[in-house]
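Report on the following structure.
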Amino acid sequence: MNRHLRKAVVVTAAVSAGLLMTACQNGSTSGSTSSTGQHQSTSKTSGTAGKSTTSKQSTSSGSSGSSGSSGTTAQNASKSGQGVTGTFTGGTVSYLAPGKYTLSVPGRTDQVFFVADGTQVHGAGTICSSASCTLDQLETATEKAAVPADVTLEKGIATVVRERAAAGTGSGTKGVNGTWLGQVSYLAPGKFTVSGQKGAEQAFYIADDTVIKGYGTICGSSTSASTCTLDQLEAAAKKGLDAKVVIANGIATSVTEDH
């Protein structure tokens, strides 16, 4: 009886010890697994944060580089005169470098401009004596001295350079003096003819100080005289115009529309 009782106690102790060891092993494994999972989670989070930071830094750097490039382009465009558009009258053109000139207009800052293959150059005796001059002739004339001219620019490039006849010069008509009343016709920029008696035509030039008066055809109205521009005179003369022209040394001192 005692022997059986001792065996039962031993068996019970053995079973209890086994269960206790199993519980300890399970607890250890669970702790290890939890620790490993936490480490992996932390590692992934750290990696994601690193990638995010790197991406932001890369984007910031790229944005800064693009802004710098745009600024440089804008500065270069400004220095080249890009964007300057308009017609400038009453100035003089001077040579700076091959294909590059300065336009000086009273009351304005000197404007640098360029010429291109399509630039039209019209002479009035200094650049050349014809309606169409070459770029080489423009360069040669402006290297010697500033030439009175009106210039039309588009984005810093001259589309038209039109020489104005200087007072006291006539380029082939010097010495011609008198008053003519007849039909005024357009010949070339700044150059006209007026028909005289017996149909004879007299060529003349327009200068900066030529007084142009209109009575509705050149400009203004038929009721009173108006002061007109060279462009208005050219437009009217191309269509047909009767006027009184007073000429001194081949240059018109006044053109008054007949009315």
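The values are calculated or read from the model by the stated rules, or taken from the named source; none is laboratory data. The structure presented is a predicted model; accordingly, all values stated were derived computationally and were not measured. Here the Cβ is made from the backbone with ideal geometry for all residues, glycine too, and neighbour counts use every protein chain on show. Side chains are part of the model used for accessible areas, which takes the heavy atoms of the whole protein and leaves out ligands, DNA and RNA. Shrake-Rupley method; radii C 1.70, N 1.55, O 1.52, S 1.80 Å.
Enter the accessible area per residue of the stretch 107-259 (Å², integer; probe 1.4 Å; all protein chains in place).
Working: 7560 Å² over 153 residues.
Ligands and nucleic acids excluded, the figure is 49 Å² per residue.
The peptide list 98-111, 223-236, 202-215, put in order of mean Cβ contacts within 10 Å with the highest first, becomes 202-215, 223-236, 98-111.
Take the eigenvalues of the Cα gyration tensor for the stretch 110-259, scale each by 5, and report the square roots as semi-axes in whole Å, largest first. Please report the intermediate quantities before stating the final value.
Working: eigenvalues 159, 64, 31 Å².
Three semi-axes, in Å: 28, 18, 12.
Shape index of the stretch 201-247: Rg/Rh, with Rg the Cα radius of gyration and Rh the Kirkwood radius from the inverse mean 1/r over Cα pairs, equals 0.94. Residue order by solvent-accessible surface for Val160, Val194 is Val160, Val194, largest first, with ligands and nucleic acids left out and a 1.4 Å probe.
Sort Lys144, Lys191, Lys155 by heavy-atom solvent-accessible area, probe 1.4 angstrom, most to least.
Working: Lys144 165, Lys191 55, Lys155 130 Å².
Correct descending sequence by accessible area is Lys144, Lys155, Lys191.
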